[in-house]
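Asks: This is the structure, below, for whatever I ask next.
The values are calculated or read from the model by the stated rules, or taken from the named source; none is laboratory data. If you're wondering where the values come from, they're calculated on a predicted model, not measured in any experiment. For neighbour counting, all protein chains shown are included, and Cβ atoms are generated from backbone atoms with ideal geometry for every residue, glycine included.
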Amino acid sequence: MSNVLEVKNLSFGYIKDLLLFDNFSISLKKGEIKAIVGASGIGKSTLFELILKNLKAFSGDIKTSRSSQVFQDPYSSFHPSYSLLNQIEDVASTKGIDTYLQDFNLEYELLLKLPHELSGGQLQRASIIRAMLMNPDLLLLDEPTSALDNVIQLEVMSSLISNLNNMGMLLITHDLDLAKWCADEIILI
C-alpha cells in the first residue's frame, strides 16, 4: 500500500540556528494512525503547517495525498457569519452526511446555525465531519478532541478509527494516554 504522507529529512526552525526539526522523517499509509506527542510550543502544529505547505522547510521533502485537516480551535476554522452547512457545502459534497452526523452524535439542525450558536464540542465535531466529507486520503488532526469531555472524546475517536480503511490519520496531541489508546505509532517531539 502506498504512503499517503512521506516526510523525509525535514529541517525547519523559526530561527535558523534553533531548529524545531532536524532531519525529521515520517511516513503514513492508509489504515494507520500515527500520533505526534509533545508539550505545548514544541512544534507539533508547526509540523502540520509544513505538511500543508503553509510554511517552507529549510530542507527536506514532503509528499502528501489529498488531505484535509481539523484544527485545534474550531471557532477559528469557520467563518462567523455563514451557517455551518453552507461552509461544508463550499468544500465538500454532503453525500453521506447523515451517517457522519449519527457517528459523531450531532443533529442536522445544528448545521443550519452560525458557529457562535454551537458549543465548542459541537463545533469541533462539525469540523471533523466537514474534514471527513472531503474524502481525504490523509486526515491531519490537531488536538481534535481537546474541546470534548471524556465520553464524547472516546466516541469521536472511535468513529474516526472506524473510517481508517479509507485514509491515514496523523494526530497531534499532548494527551499521551489518548495516543497510546489509538495510535499505531507514537512520535515524541
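Asks: Looking only at region 140-180, which residues are in a helix (DSSP H, G or I), in contact with a helix residue (DSSP H, G or I) (Cβ under 8 Å, 6 or more places away or on another chain) and loosely packed, with under 15 Cβ neighbours inside 10 Å? Give the derivation first.
Replies: Step one: list which residues in region 140-180 are in a helix (DSSP H, G or I), which gives 150-161, 164-166, 176-180.
Right, trim to in contact with a helix residue (DSSP H, G or I) (Cβ under 8 Å, 6 or more places away or on another chain) and you get 152-153, 156-157, 159-161, 178.
Listed by number, the list holds a single entry, Ile161.
Asks: Still on this structure: Go through region 63-109 residue by residue and tally those that are of a type outside the set (D, E, K, R) and in contact (Cβ under 8 Å) with a residue 60 or more places away in the chain. First the steps, then the outcome.
Replies: Our first condition is that a residue be of a type outside the set (D, E, K, R); within region 63-109, this holds for 64-65, 67-72, 74-88, 91-94, 96-97, 99-102, 104-106, 108.
Now narrow it down to the ones that are in contact (Cβ under 8 Å) with a residue 60 or more places away in the chain: 64-65, 67-72, 74.
Selection size over region 63-109: 9.
Asks: Look at Leu19 and say whether it is aliphatic (A, V, I, L, M), surrounded by 15 or more Cβ atoms within 10 Å (Cβ to Cβ) and modelled with pLDDT of 95 or more.
Replies: Numbers: aliphatic (A, V, I, L, M): yes; surrounded by 15 or more Cβ atoms within 10 Å (Cβ to Cβ): yes; modelled with pLDDT of 95 or more: no.
So Leu19 does not fit the description; no.
Asks: Looking only at strands (runs of 3 or more DSSP E) that fall completely inside region 26-113, which ones have 1 or more residues that are farther than 22 Å from Leu148 by Cβ and in contact with a Leu (Cβ under 9 Å, 6 or more places away or on another chain)?
Replies: Details: elements: 33-37, 59-64, 67-70.
So the answer is 59-64, 67-70.
Asks: Ok, one more. Tell me, which residue of region 120-137 that is within 14 Å of Tyr108 (Cα to Cα), of a type outside the set (A, V, I, L, M, F, W, C) and crowded, with 24+ Cβ neighbours inside 10 Å is nearest to the chain's Cα centre (by Cα)?
Replies: So the residue we want is Ser127.
Asks: Applying the selection to region 54-84, what residues are touching a Lys or Arg at 6+ places or on another chain (Cβ under 9 Å) and within 16 Å of Ile128 (Cα to Cα)?
Replies: Across region 54-84, the qualifying residues are Ser68, Val70, Pro74, Ser77, Phe78, Ser83, Leu84.
Asks: If you don't mind, there's one more thing I want to ask. Of the residues Ala57, Ala35, Ala39, which is loosely packed, with under 13 Cβ neighbours inside 10 Å and hydrophobic (A, V, I, L, M, F, W, C)? Walk me through it before giving the result.
Replies: Values: Ala57 fails: loosely packed, with under 13 Cβ neighbours inside 10 Å; Ala35 fails: loosely packed, with under 13 Cβ neighbours inside 10 Å.
None of the other options fit; the residue is Ala39.
Residue-wise test of (1) at pLDDT 95 or above; (2) hydroxyl-bearing (Ser, Thr, Tyr).
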position	(1), (2)
Leu5	yes, no
Lys44	no, no
Ile51	yes, no
Tyr75	no, yes
Leu85	yes, no
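Asks: Against the conditions (1) at pLDDT 95 or above; (2) touching a His at 6+ places or on another chain (Cβ under 8 Å), where does Glu143 fall short? Just the number, please.
Replies: Result: Glu143 fails condition (1) only.
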